[in-house]
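*Asks:* One structure is given below, represented as C-alpha cells, and several questions about it will come after.
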Amino acid sequence: MFVDSHCHLNYKGLVENQQAVLVRARAAGVSTMLNISTRESEWDEVIAVAERESDVWASVGIHPHEADQHPDMQTATLVERSGHERVVAIGESGLDFYYDHSDRDRQRTSFRAHIAAARETGLPIIVHTRDAEADTAEILAEEMGKGAYPGVIHCFTASADFARKALDLGLFISISGIVTFKNARDLQETAKTLPGDRLLIETDSPFLAPVPHRGRPCEPAFVADTARFLAALRGESVEALAETTRANFLKLFSKVVA
C-alpha cells in the first residue's frame, strides 16, 4: 500500500474531479495521502477534505511564493491551526530563488516562523527549496541549533551534498516523479544511495507527472509509478519500497492514525 506524502487535492487539475481522483488513487493501492496547503486562504478547504476522507490528512503553511502575501504570518497562528486533529504537518515552507515570487528576506522570515512552529508542536515541517541550497541548509542548521524539530525535504531535486546535510540534521527526503525523467541522471544517482529509513515518495500532484504520464495532470495514483521506478533503481522490490516508505511516513508524521 503506497503513501503519497505530498499532494495538492485542492488545486486546479484535481479539485474539479476530486472524488474520481481519490477513487483512482485507492484503486492504485494508495492508502494514505497528505494534502498540502500553500496559503492561509486554503487552510479551511484543505482541512475539510481531511475531515471528509479518512485516508487524507492535512498541513497548514505558507509556500515561499506566497510569503509577500502573508507578511504578518506568525508562528502562533500556525501552532493554533495545527491543533486540529487532521492537521499533521507544518508547510509547505522554505525558499524559492528560482522564481523569486516573494522577497527573499521575507521568504527567510516565513521559513523560520514555520520551523519554530514545527519545533513547538513536534509536527514535521515540509521544506520546499529551489535554487536556494546554501541558504536553506544554513537556516535548517541554525534553527536545529535552537532546538530539534522533525522535517522532510519534499520533491527533492538538490545536490548529493545538500542531501547529506539534510540527513545529518535528521531530516527525511521525499522523491517525486521527477526521478523518472530522462534528464534526471544526477537525482537518480542520489536516490540510489539515500538511506532506506529516511526515504519518502510523493506526487506533488497536480504537478510533475511521472513517466509514463508526462503531459497530463499528475494525481496521487501515479505515486505507484514513481515507486516502481525508484524500487528498480535501488534494486528493491516495489513491495519492499512501499512498506519502507509507508513505515517512514508513519514515523515522521506521527499524528497520522494508520
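Every number in this text was worked out from the coordinates using simple rules, so none of it is lab data. Computed from a predicted structure; not experimentally measured. All Cβ positions, glycine included, derive from the backbone under ideal geometry; neighbour counts span all protein chains shown.
*Asks:* Could you compute Rg(Cα) / (2.2 N^0.38 Å) for the chain, with N its residue count?
*Replies:* It is 0.92.
*Asks:* Which ³J(HN,Hα) values, rounded to whole Hz and listed in residue order, are derived for the range 35-40 from phi using the Karplus coefficients 6.51, -1.76 and 1.60 in 6.51 cos²θ - 1.76 cosθ + 1.60 with θ = phi - 60°, glycine and proline given as x?
*Replies:* 8, 9, 9, 10, 8, 4
*Asks:* Amide H to amide H, which residues 5 or more places from Phe2 or on other chains are under 5 Å from it, using H placed in the peptide plane?
*Replies:* Val30, Ser31
*Asks:* Based on the Cβ-Cβ distance from Gln19 to Asp44, what FRET efficiency comes out when R0 is 30 Å, to the nearest 0.05?
*Replies:* That pair, Gln19 with Asp44, gives E of 0.95.
*Asks:* Starting from the Cα-Cα distance between Asp168 and His101, subtract it from 0.36 nm times their residue separation and give me the gain in nm to one decimal.
*Replies:* Gain on stretching Asp168 to His101: 21.1 nm.
*Asks:* Quick one: which residues, 5 or more positions from Trp57 or on another chain, have an amide H under 5 Å from its amide H? H modelled 1.01 Å from N in the peptide plane, none for Pro or chain starts.
*Replies:* Those lying under 5 Å, H to H, from Trp57 are Met33, Leu34, Asn35.
*Asks:* For the range 123-177 and the range 1-72, what is the centre-to-centre distance using only Cα atoms, to the nearest Å?
*Replies:* Centre-to-centre distance over Cα atoms comes out at 21 Å.
*Asks:* What residues have an amide H closer than 5 Å to that of Gly151, excluding those fewer than 5 places away on the same chain, when H is modeled at 1.01 Å from N in the peptide plane?
*Replies:* Under 5 Å from the amide H of Gly151: Ile125, Phe172.
*Asks:* Please order Tyr98, Tyr149 by the number of other Cβ within 10 Å, starting at the fewest.
*Replies:* Tyr98, Tyr149
*Asks:* For a quick check: sort Met1, Met73 by the number of other beta carbons within 10 angstrom, fewest at the front.
*Replies:* The most exposed by this proxy come first: Met1, Met73.
*Asks:* Separate question: Which of Leu167, Leu14, Leu233 sits closest to the plus end of the dipole of the chain, meaning its Cα is farthest towards the positive end, when Lys and Arg get +1 and Asp and Glu get -1 on the C-beta?
*Replies:* Leu233
*Asks:* Quickly estimate the mean residue ellipticity at 222 nm for the chain, helices only: each DSSP H run with n ≥ 4 gives -39500 (n - 2.57), and the total goes over all residues, rounded to 500.
*Replies:* So the calculated ellipticity at 222 nm is -12000 deg cm²/dmol.
*Asks:* Okay, next question. Principal axes first, then extents: for the Cα atoms of the range 108-258, list largest minus smallest coordinate on each axis, whole Å, largest first.
*Replies:* 43, 35, 28
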